[in-house]
Amino acid sequence: MNIAVVGVGHVGLVSAAAFARWGHQVVGYDDDPTKIAKLQGGEAWFYEPGLDDLMAEVTAAGRLTFTHDPAEAMRDAEVVFVCVGTPPLPGGGPNLSYVEVVGCMVVAHAQRDLLLVEKSTVPANTGRRLEQVIRRESDRLRMAHTIEVASNPEFLKEGAAVDDTLHPDRVVYGTSSAWSRDLLRRVYATLVREDQMPVVETDVPTAELIKHASNAFLATRISFINAVSQICDRVGADVEVVAQGMGHDARIGSRFLQAGLGYGGSCFPKDVDAFAHLARQVGYDFALLDEVRAINVGQRSSVIAKLEGELWHLSGKTIAVLGAAFKPGTDDLRESPAVHLANELWAAGAEVRIHDPVALENLAREHPQLPRAATVDEALDGAHAAVVATDWPEYAALTPEHYRARLAYPIVIDARNLHDPRSMLDAGLLYHAMGRPSVGR
Ligand code: UGA
């Protein structure tokens, strides 16, 4: 099939490469000429394990090309995937103006009847708005082609995006006719034949809602275990063992029950807010989601309280913050709990020194006010306390002796529960985890 992918960010680029791998002819379009130039040179513009190899394979086979010209992107397209950003607006809802722009662009350049598929995460009923835009633009431009709208949400995680896309747990698409359903069946035919995963075929609003409900549910799990960690702190229980004990129940499962500094990234914070916003718009107060968000923010406050418990005032104290990325395996700082924490410490008058194995360049660009440390030791040397803010494996390898030798005061706040509390306490550190036995109980 001839497929156009509009927007070559994490979702768009990985999906485009995967469609090409499944045998389709794919063109990736973006309105950012620098991204397109880089991709035309054979290089992804962000880091994602396995992506360069996959791109090399499908571009060598001549099945994936890139263009900055919308007319060229639409020339042969039978199916167009919308993968543009839907960033949050101040009121909690997502900014869907880029999605609207794509709708107009597709009407202006369509060469045949085609299917426009939302892959960007959008609230339920965005498909209806998009159909309205298409109808109006088609009338205005006197275009006779039929353009149908479908929803095909993506469930990839940054850092595991290639594997998640090539071997998803499920494929979900929502369509409004047999014609569009059959087109999407053809898009995924190779994948479904090879991997035999469940396929959910439904209508457009239901598919849109599956995505928001999935992300909101995962965020709820994280906030739930974080709330449990607060109780553990107060009664002297170990949240890691609580999560393990809960996870053995097949109805609960063990994944996404890691307590810590909370969730971040470009998806969970935005999608929890957007889902709550949509609920309110349609007359339902989904207050649970407000609490999910509040618990997430509260995890940072509890780290600050632990620091104040040890250091009294933070003003004038030097704090080593280990980690800036919103999770390990990425240099993405969007809504990173580590960066939020560093900013809050900085605002409280502390001198922060942030280390991250890969995200310092982005930190310098996006948060130039935050001082950076090129190495872990540069962050730790002479600091009054260290906070482990991102669960990078290299921080897990730091020994209690190392912390003792480097820090001015032997205080470690392990906000990602990376270390073994017993050995940290035995080595004489003032060690605080999140909901695990620690000093000061
Ligand atoms: C998330 C979802 O996991 C994907 O299924 C979805 O497709 C994607 O959003 C999206 O909507 O595009 P992602 O944001 O890449 O993927 O990252 P996750 O691995 O889900 O982690 C999100 C945050 O939750 C991170 O800050 C991580 O540290 C935190 N987390 C995760 C926890 O604090 N505890 C956990 O147990 C798991």
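The values are calculated or read from the model by the stated rules, or taken from the named source; none is laboratory data. A quick note: this is a predicted structure, and the numbers were derived from the prediction, not measured. Here Cβ is always computed from backbone atoms with ideal geometry, including for glycine, and neighbour counts include all displayed protein chains.
Kindly indicate the residue of the stretch 314-367 that is more than 16 Å from the ligand (Cβ to nearest atom) and acidic (Asp, Glu) and also farthest from LEU261 (Cα to Cα) among those meeting that condition.
GLU361
Can you find, within the stretch 225-236, the residue that is nearest to the ligand (Cβ to nearest atom) among those that are assigned to a helix (DSSP H, G or I) and in contact (Cβ under 8 Å) with a residue 40 or more places away in the chain?
Only one residue fits best here, namely ASN226.
Name the one entry in LEU218, LEU209 that is assigned to a helix (DSSP H, G or I) and near the ligand (Cβ under 7 Å from one of its atoms).
On inspection, the qualifying residue turns out to be LEU218.
Quick one: ASN417 ticks every box in (1) within 16 Å of the ligand (Cβ to nearest atom); (2) at positive phi; (3) free of Cβ contacts under 8 Å to residues at least 60 places away in the same chain bar one, so which box is it?
Tallying (1) within 16 Å of the ligand (Cβ to nearest atom); (2) at positive phi; (3) free of Cβ contacts under 8 Å to residues at least 60 places away in the same chain, ASN417 fails exactly one: (3).
Any residue in the stretch 1-22 that is farther than 27 Å from CYS267 by Cα and either surrounded by fewer than 19 Cβ atoms within 10 Å (Cβ to Cβ) or free of Cβ contacts under 8 Å to residues at least 60 places away in the same chain (or both)?
yes
Let me confirm something: among ARG136, ARG181, ARG193, which residue is free of Cβ contacts under 8 Å to residues at least 40 places away in the same chain and crowded, with 16+ Cβ neighbours inside 10 Å?
Matching residue, one of ARG136, ARG181, ARG193: ARG181.
With respect to TRP346, determine if the residue is closer than 23 Å to ILE225 by Cα and under 26 Å from the mean Cα position of the chain (by Cα).
When the stated conditions are applied, TRP346 does not pass them.
Looking at (1) part of a helix (DSSP H, G or I); (2) in contact with a strand residue (DSSP E or B) (Cβ under 7 Å, 6 or more places away or on another chain), which is the only condition ALA18 fails?
The single condition ALA18 does not satisfy is (2).
Out of all the residues in the stretch 144-178, which are among the aliphatic types (A, V, I, L, M) and surrounded by fewer than 18 Cβ atoms within 10 Å (Cβ to Cβ)?
ALA144, ALA160, ALA178
If a residue must be touching a helix residue (DSSP H, G or I) at 6+ places or on another chain (Cβ under 7 Å) and either surrounded by fewer than 22 Cβ atoms within 10 Å (Cβ to Cβ) or closer than 11 Å to PRO205 by Cβ (or both), how many such residues does the stretch 122-133 contain?
The number of residues fulfilling the criteria is 7.
Here is a check on your reading of the model: is VAL82 touching a residue at least 12 places away in the same chain (Cβ under 8 Å) and under 22 Å from ASN215 (Cβ atoms)?
Yes; evaluated as a whole, the condition is true for this residue.
Are any residues in the stretch 53-71 surrounded by 15 or more Cβ atoms within 10 Å (Cβ to Cβ) and either among the hydrophobic types (A, V, I, L, M, F, W, C) or in a helix (DSSP H, G or I) (or both), and if so, which ones?
LEU54, MET55, VAL58, THR59, LEU64, PHE66, PRO70
Would you pick out the residues in the stretch 240-271 that are hydrophobic (A, V, I, L, M, F, W, C) and either within 11 Å of the ligand (Cβ to nearest atom) or surrounded by fewer than 16 Cβ atoms within 10 Å (Cβ to Cβ) (or both)? Step through it out loud before you land on a result.
Of the residues in the stretch 240-271, the ones hydrophobic (A, V, I, L, M, F, W, C) are 241-243, 246, 250, 252, 256-257, 259, 261, 267-268.
Of everything in the stretch 240-271, those that are hydrophobic (A, V, I, L, M, F, W, C) and either within 11 Å of the ligand (Cβ to nearest atom) or surrounded by fewer than 16 Cβ atoms within 10 Å (Cβ to Cβ) (or both) turn out to be VAL241, ALA243, ALA250, ILE252, PHE256, LEU257, ALA259, LEU261, CYS267, PHE268.
Can you find a residue in the stretch 284-295 that is assigned to a loop (DSSP other than H, G, I, E, B) and within 16 Å of the ligand (Cβ to nearest atom)?
Within the stretch 284-295, not a single residue is assigned to a loop (DSSP other than H, G, I, E, B) and within 16 Å of the ligand (Cβ to nearest atom).
Got at least one residue in the stretch 163-173 being modelled with pLDDT under 95 and touching a Gly at 6+ places or on another chain (Cβ under 9 Å)?
no
Taking only pairs six or more apart or across chains, which ones have beta-carbon atoms under 9 Å, a first residue in the stretch 378-399 that is within 13 Å of VAL412 (Cα to Cα) and within 16 Å of the ligand (Cβ to nearest atom), and a second residue that is outside any helix (DSSP H, G or I) and polar (S, T, N, Q)?
Within 9 Å, the pairs are VAL388/ASN417; ALA389/SER336.
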